[in-house]
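To start, the structure itself, in structure tokens.
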Amino acid sequence: MHLDHTHDESAAVSADAHRADGTRRALRIGLGGPVGSGKTATVAALCRLLRDELSLAVVTNDIYTREDAEFLLREAVLPPERITAVETGACPHTAIRDDISANLEAVEDLEDEVGPLDLVLVESGGDNLTATFSRGLVDAQIFVIDVAGGDDIPRKGGPGVTTADLLVVNKTDLAPYVGSDLARMAADAKAQRAELPVVFQSLRSDEHVSAVAEWVREQLAAWAGAPAK
Amino acid sequence: MSRAALLVLADGRFPAGGHAHSGGAEAAVKAGRITGARSLEEFCRGRLHTTGAVSAALAGAAALGVDPVALDEAADARTPSVALRTAARKLGRQLLRAARVAWPSPELDALAARFPKGAHQPVVLGTAARAAGLGAEDAAHCAAYENVSGPATAVVRLLSLDPFEATAVLARLAPDMDKVARKAAEAARRARDEGPETLPAASAPLLEVGAEGHAGWDVRLFAS
């Protein structure tokens, strides 16, 4: 081959903890969950809360539009160059689990262009209860459901509810209006998830997204202190 | 050569980003040119004998070890649409990532270092085939097959087309794919001996025009 070597190193492959230039890459946290459960609103709230203490960026995976990315841009939660949309060909779960290459490229391009970054949030397109992120793409994942989607979702389980590193039950302010039993949801979630954490939140309350942000800070501290993969 | 390695590389589940691309089918569906199995077959046959033949020859040449930088230039020259050039490089970058894990090789590493944002997908495909111990005709078969399997799968999602009918379209195109791959392998050997400028340059203007329009849509299911 007659390739001239302009780079001594070649690009990282997937979950490698280090970037091609030897620096440690950003922590990647995935947010998945059904359509309308509040993934984008949670991402927006996290960005507003964390943007002054961390260097962060967001990758969205819309199903057929750029609406999630555009919402974040319109809300100006981050400068536009820190938000990238990935197109998923009508299969949002494929892009975060079975074929993660487009998302990996989006994450790496963000690190190249606006880095160094501490944290990249990867938001999946709204999907079903079986959608989970590959460990080749993210280091930890949050599954977001809401009380209006039915209070039997924690009982039904599925890989998202059962295995996500953090389960967020969103829109608790709506519980009285949709007849959802929060205590039952908490008990069912505990039964499905054993010791894995669950956060109940309403983005309309004073506590807002603070519990999720605290969990994110813990993940970051663990990532910073962990030996390289 | 390993026949099984060819199956791994040609598998639609090979994680190289193809699932998000329709190969021009989304634009053709919107324009009313694909409405069912029959028109899907016509679309695929046209695509196979134009861009498919070019992609297969490029992949075959890369599998023979022809300079990938020269082949990438040849691919650029044969792809007038900016949107299609962008899509081809994106897919090339994604394929390279998967191939480097599947068949680690210094040639794939060198390709990644030379093209950090991606080389044209058929060039990567041929280099990956080479790393997998496959030959020019294998790489050409792979390129020809995915040239039509991509649109067929996309149309199942876009039109809710019966998946059995879509698969039957691919089965009926199999003899054409064999023919295209054989000719592409010949073209690849000629490119090795006489230079990449001898590679075929068939084009499908409607695909180019459709891709440019599609890239500007606000709402779409597929990236291309």
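Here are the numbers for the structure shown:
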quantity	calculated
Test: B:Val180 is over 17 Å from B:Ala56 (Cα atoms) and of a type outside the set (S, T, N, Q)	no
Tally, over the range A:51-74, of residues that are modelled with pLDDT under 90 and either part of a strand (DSSP E or B) or among the acidic types (Asp, Glu) (or both)	4
Total residues in the range A:75-91, condition within 11 Å of chain B (Cβ to nearest Cβ), touching a residue at least 12 places away in the same chain (Cβ under 8 Å) and either in a helix (DSSP H, G or I) or among the small types (Gly, Ala, Ser) (or both)	2
Residues of the range B:51-98 that turn out to be β-branched (Val, Ile, Thr) and touching a Pro at 6+ places or on another chain (Cβ under 9 Å), as a count	2
Residue list for the range B:135-154, restricted to those being crowded, with 24+ Cβ neighbours inside 10 Å and farther than 21 Å from B:Ala211 by Cα	B:Ala136, B:Asp138, B:Ala139, B:Ala140, B:His141, B:Cys142
Residue in the range B:134-148 that is farther than 17 Å from B:Ala53 by Cα, of a type in the set (Val, Ile, Thr), out of contact with any Phe, Trp or Tyr (no Cβ under 8 Å at 6 or more places or on another chain) and in a helix (DSSP H, G or I) present	no
Condition check for B:Gly24: out of contact with any strand residue (DSSP E or B) (no Cβ under 7 Å at 6 or more places or on another chain), away from chain A (no Cβ under 11 Å) and surrounded by fewer than 24 Cβ atoms within 10 Å (Cβ to Cβ)	no
The range A:158-187, residues that are part of a helix (DSSP H, G or I), under 23 Å from the mean Cα position of the chain (by Cα) and not aliphatic (A, V, I, L, M)	A:Pro159, A:Gly160, A:Thr162, A:Thr163, A:Thr172, A:Asp173
Any hit, the range A:192-200, residues being out of contact with any Pro (no Cβ under 6 Å at 6 or more places or on another chain), touching a residue at least 12 places away in the same chain (Cβ under 8 Å), in a helix (DSSP H, G or I) and surrounded by fewer than 17 Cβ atoms within 10 Å (Cβ to Cβ)	no
Residue match in the range B:163-184 (condition: within 15 Å of the chain's Cα centre (by Cα) and within 18 Å of B:Val66 (Cα to Cα))	yes
The one condition in (1) part of a loop (DSSP other than H, G, I, E, B); (2) within 11 Å of chain B (Cβ to nearest Cβ) that A:Thr94 fails to fulfil	(1)
Odd one out for A:Leu167 among (1) under 27 Å from A:Thr94 (Cα atoms); (2) modelled with pLDDT of 95 or more; (3) exposed (fewer than 14 other Cβ atoms within 10 Å of the Cβ)	(3)
Where B:Ser55 falls short, out of the listed (1) more than 14 Å from chain A (Cβ to nearest Cβ); (2) crowded, with 24+ Cβ neighbours inside 10 Å; (3) over 28 Å from B:Glu194 (Cα atoms); (4) polar (S, T, N, Q)	(3)
Residue in the range B:64-76 that is buried (at least 21 other Cβ atoms within 10 Å of the Cβ), of a type outside the set (Gly, Ala, Ser) and closer than 19 Å to B:Ala181 by Cα present	yes
Flag for B:Leu96 being within 28 Å of A:Asp98 (Cβ to Cβ), buried (at least 23 other Cβ atoms within 10 Å of the Cβ), within 14 Å of another protein chain (Cβ to nearest Cβ) and hydrophobic (A, V, I, L, M, F, W, C)	yes
Close pairs (7 angstrom Cβ cut-off, 6 or more residues apart or separate chains): at the interface with another protein chain (Cβ under 9 Å from one of its Cβ atoms) and touching a residue at least 60 places away in the same chain (Cβ under 8 Å) in the range B:151-162, among the aromatic types (Phe, Trp, Tyr) and outside any helix (DSSP H, G or I) anywhere	B:Ala154/B:Phe222
Count of residues meeting criterion [over 12 Å from B:Pro196 (Cβ atoms) and either polar (S, T, N, Q) or within 14 Å of another protein chain (Cβ to nearest Cβ) (or both)] in the range B:62-87	7
Residue among A:Ala20, A:Ala57 that alone is more than 15 Å from A:Val144 (Cβ to Cβ), of a type in the set (A, V, I, L, M, F, W, C) and either more than 14 Å from chain B (Cβ to nearest Cβ) or surrounded by fewer than 18 Cβ atoms within 10 Å (Cβ to Cβ) (or both)	A:Ala57
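The values are calculated or read from the model by the stated rules, or taken from the named source; none is laboratory data. The shown structure was predicted, so the numbers you read here are calculated from the model rather than taken from an experiment. Heads up, the Cβs are rebuilt from the backbone with ideal geometry, glycines too, and the neighbour counts pull from every protein chain shown.
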